[in-house]
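Take a look at the structure set out below.
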Amino acid sequence: MGTINNLIHVRKSDFEIFDALQVDSLECSDSSDLSSSPPGPYGQEQFIFRPEDHFKAPPILPPHLLQVILNKDTNVSCDPALLPEPNHVMLNHLYALSIKDGVMVLSATHRYKKKYVTSLLYKPI
């Protein structure tokens with residue numbers, strides 16, 4: 001008739017959840033390594049903040065977001081309307097360039113399949 005693989009015997013007791021849990025707990029003989037709480041002392045004392053525990057604050061803006069492609073100079077041989085491919089962390093972020101001559105510039109770069117689209121918004125102030 002052939003080889004029998006992955007044969008499973010299903011009993012009615014397998015569907016009774018509480019009986020199955022009880023049988024499972026009886027079969028598990030070593031439960032010391034399954035502690036529900038981490039080791040160490042526990043108490044009711046409030047945490048006291050010490051100055052030596054204070055760490056330096058994170059930067060206001062991650063350094064890789066400071067490299068805005070709109071501020072980079074293009075090569076003489078390149079078309080000035082073409083921008084280099086943006087870094088993946090620069091996508092879907094709103095950039096505000098510093099206000100010059102009473103105009104604020106906002107930009108956002110999005111990716112559509114293999115193309116990158118950078119939108120610019122000029123707002124007179």
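All of the numbers you see were taken from the coordinates with simple rules; none came from a lab. Owing to the predicted nature of the structure, the values given are computational and were not obtained by experimental measurement. So basically every Cβ, Gly included, is an ideal-geometry build from the backbone, and we count neighbours across all protein chains shown.
The table for this structure:
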item	result
Full-stretch length increase - Asn92, Phe18 - with 0.36 nm per residue and alpha-carbon distance subtracted	21.6 nm
Relative packing of peptides 115-125, 39-49 - highest average C-beta neighbours within 10 Å first	115-125, 39-49
